[in-house]
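Student: There's a structure below that I have some questions on.
The values are calculated or read from the model by the stated rules, or taken from the named source; none is laboratory data. For clarity, every value in this text was computed on a predicted model and none was experimentally measured. Cβ: placed from backbone, ideal geometry, glycine included. Neighbour counts: every protein chain shown. For the accessible areas, the whole protein counts, side chains as well, though only heavy atoms, and no ligand, DNA or RNA atoms are used. Shrake-Rupley method; radii C 1.70, N 1.55, O 1.52, S 1.80 Å.
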Amino acid sequence: MLTIDELARETGLTVRNVRSHHARGLLPPPEVRGRTGYYGPEHVARLRLIQRLQNEGMKLSGIKRLLGDSGERLLALKEASLEAPETPEVLTAADLGTRLRLGEKDEPRKLIDKATKLGLLHPLGEGMFEVPSPVLLAAAEEVVARGVSLQHALDMLESVQKHSRAVSKEFVKLFVDDVLKPYADAERWDELEESIQASRPLAAQALLAVFRRTMDEEVEATFTDLARSLTRRK
């Protein structure tokens, strides 16, 4: 159990912030022993949730409306829906240049700026970069090693991100309309969480299956065109 001073230190807030959240009804009351209030893990979790929502741009009045029972359930479902993030990697500009085989003719600064805009790199200053997805960097490294220019690889990734976002929006809308609303209205929260956890990998499998099929079709069509072109030359 924590005193209010210890709770403030644990969450990086001031005692005044904690008291303000309590006065607004955002924080449950402490357990009082004698004249001292004590706070537990649920208070720490609540304050961190408030901080996260504020960082996402939500005002305290909106957070208060959200923090009812259904609102907290909805936030828990959001957490269950998200993939565990990769552990970021930190590299120097020189490391990036080596791994992605950048030369002067490739205009390294321009390519790094494009990769940054796509969210593949986060500049940290002093020539250091955070790589949020080392897996994606490794894929880019492999593609470049196979002879594809980094510029073309980034252009392709930009297109893939655009189409992937459109597909993701369609899937989320479908899930909200057909699953989330009926389950939430019926207060079947546990079933809803199970459904969310099962549906995400199913969506990925469906997308991969469709991609494999359309990729095969494109390969067939491209090689047919190449064969015809060679025949005409003869």
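Student: From the list E107, E170, E89, E130, pick out the single residue that is loosely packed, with under 13 Cβ neighbours inside 10 Å, of a type outside the set (V, I, T) and over 25 Å from Q205 (Cα atoms).
Tutor: None of the other options fit; the residue is E130.
Student: Can I ask one more? How many residues are open to solvent by 70 Å² or more (accessible area, probe 1.4 Å) and more than 19 Å from E31 (Cβ to Cβ) if we restrict to the stretch 11-20? Talk me through it step by step, then tell me what you get.
Tutor: Here is the first cut: in the stretch 11-20, the ones open to solvent by 70 Å² or more (accessible area, probe 1.4 Å) are 14, 16, 19.
Those left that are additionally more than 19 Å from E31 (Cβ to Cβ): 14, 16.
Number satisfying all stated conditions: 2.
Student: Give just the number: which of (1) among the polar types (S, T, N, Q); (2) under 30 Å from A93 (Cα atoms); (3) surrounded by 13 or more Cβ atoms within 10 Å (Cβ to Cβ) does S164 not satisfy?
Tutor: Evaluating S164 over (1) among the polar types (S, T, N, Q); (2) under 30 Å from A93 (Cα atoms); (3) surrounded by 13 or more Cβ atoms within 10 Å (Cβ to Cβ) leaves (3) as the failure.
Student: Now for a different question. Report the residue count in the stretch 56-68 for those that are more than 15 Å from A23 (Cβ to Cβ), modelled with pLDDT under 85 and not small (G, A, S).
Tutor: 4
Student: Restricting to the stretch 175-209, what's the tally of residues that are among the hydrophobic types (A, V, I, L, M, F, W, C) and either modelled with pLDDT under 80 or not in a helix (DSSP H, G or I) (or both)? Reasoning before the result, please.
Tutor: As a first pass, look at the stretch 175-209 and keep what is among the hydrophobic types (A, V, I, L, M, F, W, C): 175-176, 179-180, 184, 186, 189, 192, 196, 198, 202-204, 206-209.
Filter once more, so that each one left must be either modelled with pLDDT under 80 or not in a helix (DSSP H, G or I) (or both): 175-176, 179-180, 184, 186, 189, 192, 196, 198.
Final tally of qualifying residues: 10.
Student: Hey, another quick one. If you go through the stretch 216-229 one residue at a time, do you hit one that is loosely packed, with under 10 Cβ neighbours inside 10 Å, hydroxyl-bearing (S, T, Y) and at pLDDT below 90?
Tutor: Among the residues of the stretch 216-229, at least one is loosely packed, with under 10 Cβ neighbours inside 10 Å, hydroxyl-bearing (S, T, Y) and at pLDDT below 90, which makes the answer yes.
Student: Given the conditions (1) touching a His at 6+ places or on another chain (Cβ under 7 Å); (2) in a helix (DSSP H, G or I), report the number of the one that M156 does not fulfil.
Tutor: Unmet for M156, out of (1) touching a His at 6+ places or on another chain (Cβ under 7 Å); (2) in a helix (DSSP H, G or I): (1).
Student: Please specify each residue of the stretch 120-153 satisfying the condition of being of a type in the set (A, V, I, L, M) and part of a helix (DSSP H, G or I).
Tutor: Passing the criteria: V135, L136, L137, A138, A139, A140, V143, V144, A145, L150, A153.
Student: Additional query: What single numbered condition from (1) modelled with pLDDT of 90 or more; (2) surrounded by 15 or more Cβ atoms within 10 Å (Cβ to Cβ) fails to hold for L77?
Tutor: Unmet for L77, out of (1) modelled with pLDDT of 90 or more; (2) surrounded by 15 or more Cβ atoms within 10 Å (Cβ to Cβ): (1).
Student: So the check is Cβ under 6 Å with 6+ separation or different chains; which pairs have a first residue in the stretch 143-159 that's on the phi < 0 side of the Ramachandran plot and a second one that's assigned to a helix (DSSP H, G or I) and exposed (fewer than 12 other Cβ atoms within 10 Å of the Cβ)?
Tutor: Matching pairs, first to second residue: none at all.
Student: If you take the residues of the stretch 29-48 that are loosely packed, with under 13 Cβ neighbours inside 10 Å and not acidic (D, E), which of them is nearest to G62 (Cα to Cα)?
Tutor: Quick first cut of the stretch 29-48, residues loosely packed, with under 13 Cβ neighbours inside 10 Å only: 29, 31-36, 41-42, 45.
Now restrict to residues that are not acidic (D, E): 29, 32-36, 41, 45.
Working: P29: 20, V32: 29, R33: 32, G34: 34, R35: 32, T36: 30, P41: 23, A45: 18 Å.
So the residue we want is A45.
Student: If A84 satisfies all but one of (1) modelled with pLDDT under 85; (2) among the hydrophobic types (A, V, I, L, M, F, W, C); (3) over 30 Å from E130 (Cβ atoms), what's the number of the condition it fails?
Tutor: Condition not satisfied by A84: (3).
Student: If only one of A8, A23 is closer than 18 Å to Q54 by Cα, among the small types (G, A, S) and open to solvent by 60 Å² or more (accessible area, probe 1.4 Å), which one is it?
Tutor: Details: A8 fails: open to solvent by 60 Å² or more (accessible area, probe 1.4 Å).
After ruling out the rest, the residue left standing is A23.
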